[in-house]
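Inspection log for the structure reproduced underneath, given as C-alpha cells.
The values are calculated or read from the model by the stated rules, or taken from the named source; none is laboratory data. What you see is a predicted model; the values in this text were computed from it and never measured. Cβ placement follows ideal geometry from the backbone for every residue including glycine, while neighbour counts extend to all protein chains displayed. Remember, those area values only see protein heavy atoms, side chains included, never the ligands or the DNA or RNA. Shrake-Rupley method; radii C 1.70, N 1.55, O 1.52, S 1.80 Å.
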Amino acid sequence: MPAPPRLALLIKLTQVAKEYPKRGFALRDVSFNIAKGEMAFVTGHSGSGKSTTLRLAHMADRPTSGEVRVTGYSSATLSSREVWKVRRRVGMVFQDFRLLPGRSAVENVGFALEVTGVNRKEIGPRAQRLLSQVGLSTKAGALVNELSGGEQQRVAIARALVNDPFVLLADEPTGNLDERATRGIMELFVELNAKGMAVFMATHDLELVRRYPKARLLELDHGRLVYDSATA
Amino acid sequence: MYALREALAAFRRAPVLAGLSAAMVALALYIIGLFGLASYNLQLALSSMEERVEVVVYLRDDARQSEIDLAQTELAELPQVLGARYVSKREALDRARRDLPEFGELFGGAGVNPLPQSLELELQPAARNREMVEQVSAAAQAYPFVEDVEYGREWVDKLFTLRRIGAATTAALGGAFFAVAALIIGTALRIAVFARRDEIYIMRLVGARNGFIHRPFLIEGALAGLLGGIAAWILTYATYRAVYAYLFEVAWIPSAWVALGIAVGTLFGSVASSLAIRKHLGEV
C-alpha cells in the first residue's frame, strides 16, 4: 500500500551505506521513507541487511555514509548521549524478546516505565493497562520465564509501548513463534497500526507477508533495496 | 531517590554478587591497610633511631670551667642544636661502671679516672642528617680545649641510607599495592556491572537517559567501596591487635589514614563502576 504523501515522514534513509569492519558492506545506497501510520515489511534473505536497517532506524548504529532521519532527529547530528530522545518515540521488539528473566510480566513493563521517569505511583496501573492492551492482563504477575513464546513477545510489545511511540520496529518478531502465536502477534500489530502507530517489521517469511497485501513491502538483496511496493 | 533505591535493590536482588564485590574491595583495601600499618611503624622506628643521633664533644682535662660554660651556652644556641648537657669526668665514670660492668675493675682501680669530661649536644629533629651534624661538629672543634668530637659518622650515614631505602621501598611497594588494589576493585565492579548488562540494555532500549542509567551504578560502586573500606579497617585493626598481642609491639595508624582509606575506597568504587558502565552504554 503506497504511503499517502500528505503523511509526515517518521523514518527517512537517504543514500545510506553501512560497512562493518569485518563483514564488509551490509547496506549500499539505500533510500526510502516510512510515513506516519504506515505498515511496512522489509524482507530479504539472511544477511540481506534487514536487521541493519532496523538498527539504523533505532539509532543503535550509524550509517557509514548517507543520512538516517528518525522522527526528526538526524544520524549526522544526534550524539550518543541524545539517543534516548529517539528511543522515546520509537519502540522496538526482537525475535528473542530480550526480557529481564526472573521478573514478572508487570515488573518487566514497570521497569521500562520507571527508567523513563514515570511517577512511581503511576507505574503499576500503567503497566497493567499496557499488558491489557496486548491481551495479557491475566498473566501480569507471571514470571516471564514461565510464559509461552507468544506471551513473552506480547510482554516485549507492551514494554515497547511504554513511551507511546510513533513507530514500532520489529526485527523478526515471529521468528521464534509457532503459527498460532504468530497470528496473534500479527493481529496485535495490525490493531496498533489501525490506531495510528506505524509498524516497520523485518521478516524473511514471505508467506507471512503475503497475508497482508495492503502493507508496504521493501525487499533487500545483498544490502541493496531491490523492490519497494510504494514506488513499483 | 530512584538511584539509591535501585542501588540498594541490587544488593537485595543479588546479595552474593554484591557481597563478593564488597569482599574483593575489602581484600584490596586490606592489603593497602597492612602496607600502611607496616610503613607507618617503619617510619616510627626510623624516627626513634634518629632521635639517638647526637654529637659528643670531648674536652681536655685542663679546660677551665668558665670556658666550658661559655662553650656550652654558645653551642646550645646553634640553630641545629636542641640542647647541650655537660658530663663531668665523675659522671662519665659512674655511667661507664653502670653501663659496662664487665670493665668494672678497669674503672675502679688505682683511683684514676681515665674518662674525659664532655658536652653532649642533642640535635633538632630536622638537623639529624650528615650535613648538619658535620656543621655542628666543625663549630665544636673550633674551641682550643676540645680534644675530639664524635657523632658516629657511620651510624648517621647508615641511618640516612636506611631512610632513603625506606622511602623508595614505600613508594615502589605502595604504588604496586595500590595498582593491585585498583585492578581488584575495578574487576570486581566490572563483574557487578556485567551481571546487570541486560538491565542496562533495556534502559537504553526504552530511552532512559545516560545519567539516569549511571547513577544507581555509581551509588552501588560507592556502597561496595564504603562497605569494603569499613571491612578492611576492621580486618587491619584485628591484624594489628594480633601482632601486638602475640608477636611484637606496633603502633596503630593515625585515624586520618583510616578515614582517607575508606574515602578512597568509596570514591574508587564509584569511579570503577562508572568506567565499567561506559562500555555497556555504547552497546545499544
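Taking (1) out of contact with any Pro (no Cβ under 8 Å at 6 or more places or on another chain); (2) touching a residue at least 60 places away in the same chain (Cβ under 8 Å); (3) surrounded by fewer than 23 Cβ atoms within 10 Å (Cβ to Cβ); (4) not hydroxyl-bearing (S, T, Y) in turn, A:L177 satisfies each apart from (2). None of B:A192, B:A208 is more than 14 Å from chain A (Cβ to nearest Cβ) and among the aliphatic types (A, V, I, L, M) except B:A192. When region A:67-119 is filtered for residues that are at negative phi and touching a Phe, Trp or Tyr at 6+ places or on another chain (Cβ under 8 Å), the ones remaining, listed by number, are A:E82, A:K85, A:V86, A:R89, A:V90, A:L100, A:R103, A:E114, A:V115. Within region B:73-89, the set of residues being over 12 Å from B:E122 (Cα atoms) and at pLDDT 90 or above comprises B:T73, B:E74, B:V87, B:S88.
Residue-by-condition table, conditions (1) more than 22 Å from B:L4 (Cβ to Cβ); (2) in contact with a His (Cβ under 6 Å, 6 or more places away or on another chain); (3) among the hydrophobic types (A, V, I, L, M, F, W, C); (4) open to solvent by 60 Å² or more (accessible area, probe 1.4 Å):
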| position | (1), (2), (3), (4) |
| --- | --- |
| B:L162 | yes, no, yes, yes |
| B:A176 | yes, no, yes, no |
| B:A179 | yes, no, yes, no |
| B:A192 | no, no, yes, no |
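Name the single residue, out of those in region A:148-167 being in contact with a helix residue (DSSP H, G or I) (Cβ under 6 Å, 6 or more places away or on another chain) and outside any helix (DSSP H, G or I), that is surrounded by the fewest Cβ atoms within 10 Å (Cβ to Cβ). Looking at the filtered set, the residue picked out is A:L161. Among the residues of region A:205-230, write down those that are in a helix (DSSP H, G or I) and loosely packed, with under 15 Cβ neighbours inside 10 Å. Residues satisfying the conditions are A:L206, A:E207, A:R210.
State whether one or more residues within region B:199-221 are open to solvent by less than 50 Å² (accessible area, probe 1.4 Å) and under 20 Å from B:L37 (Cα atoms). No, every residue in region B:199-221 fails to be open to solvent by less than 50 Å² (accessible area, probe 1.4 Å) and under 20 Å from B:L37 (Cα atoms).
Hey, any hits in region A:124-139 for a residue that's part of a helix (DSSP H, G or I), touching a Ser or Thr at 6+ places or on another chain (Cβ under 8 Å), within 14 Å of chain B (Cβ to nearest Cβ) and closer than 19 Å to A:V167 by Cβ?
The answer is no, given that none of the residues of region A:124-139 is part of a helix (DSSP H, G or I), touching a Ser or Thr at 6+ places or on another chain (Cβ under 8 Å), within 14 Å of chain B (Cβ to nearest Cβ) and closer than 19 Å to A:V167 by Cβ.
Going through (1) within 14 Å of chain B (Cβ to nearest Cβ); (2) over 30 Å from A:K121 (Cβ atoms); (3) of a type in the set (D, E, K, R); (4) over 13 Å from the mean Cα position of the chain (by Cα) one by one, A:E82 falls short only on (2). The set of residues from region A:108-122 being in a helix (DSSP H, G or I), within 11 Å of chain B (Cβ to nearest Cβ) and crowded, with 16+ Cβ neighbours inside 10 Å comprises A:N108, A:V109, A:F111, A:A112, A:L113, A:E114, A:V115. Restricting attention to region A:39-54, the residues being open to solvent by 10 Å² or more (accessible area, probe 1.4 Å) and more than 14 Å from chain B (Cβ to nearest Cβ) number 6. Being more than 14 Å from chain A (Cβ to nearest Cβ), open to solvent by 20 Å² or more (accessible area, probe 1.4 Å) and over 36 Å from the mean Cα position of the chain (by Cα) is a property that B:S88 has.
Here's the yes/no breakdown for (1) more than 27 Å from the chain's Cα centre (by Cα); (2) part of a helix (DSSP H, G or I):
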| site | (1), (2) |
| --- | --- |
| B:A7 | yes, yes |
| B:A18 | yes, yes |
| B:M24 | no, yes |
| B:L29 | no, yes |
| B:I32 | no, yes |
| B:S47 | no, yes |
| B:V56 | yes, no |
| B:E67 | yes, yes |
| B:L70 | yes, yes |
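A search for C-beta distances below 7 Å between a residue of region B:153-164 that is within 16 Å of B:M132 (Cβ to Cβ) and touching a residue at least 24 places away in the same chain (Cβ under 8 Å) and any residue that is part of a helix (DSSP H, G or I) and among the charged types (D, E, K, R), counting only pairs 6+ apart in sequence or on different chains, returns B:V156/B:R130; B:D157/B:R130; B:L159/B:E50; B:F160/B:R130. Take the conditions (1) within 14 Å of chain B (Cβ to nearest Cβ); (2) free of Cβ contacts under 8 Å to residues at least 40 places away in the same chain; (3) surrounded by 21 or more Cβ atoms within 10 Å (Cβ to Cβ); A:A57 misses just one of them, which is (2).
Residues in region B:40-72 that are of a type outside the set (V, I, T) and open to solvent by less than 20 Å² (accessible area, probe 1.4 Å) were compared, and the one that is farthest from B:G152 (Cα to Cα) is B:A63. Here A:G102 clears all of (1) within 29 Å of A:S148 (Cα to Cα); (2) open to solvent by less than 30 Å² (accessible area, probe 1.4 Å); (3) at pLDDT below 95 except the condition numbered (2). If I filter region B:222-245 down to residues being open to solvent by 40 Å² or more (accessible area, probe 1.4 Å) and among the aromatic types (F, W, Y), which single residue comes out as nearest to the other protein chains (Cβ to nearest Cβ)? Taking the candidates together, the pick is B:W233.
For region B:125-154, the candidate set comprises residues that are loosely packed, with under 13 Cβ neighbours inside 10 Å and among the hydrophobic types (A, V, I, L, M, F, W, C); within that set, the residue that is farthest from the chain's Cα centre (by Cα) is B:A142.
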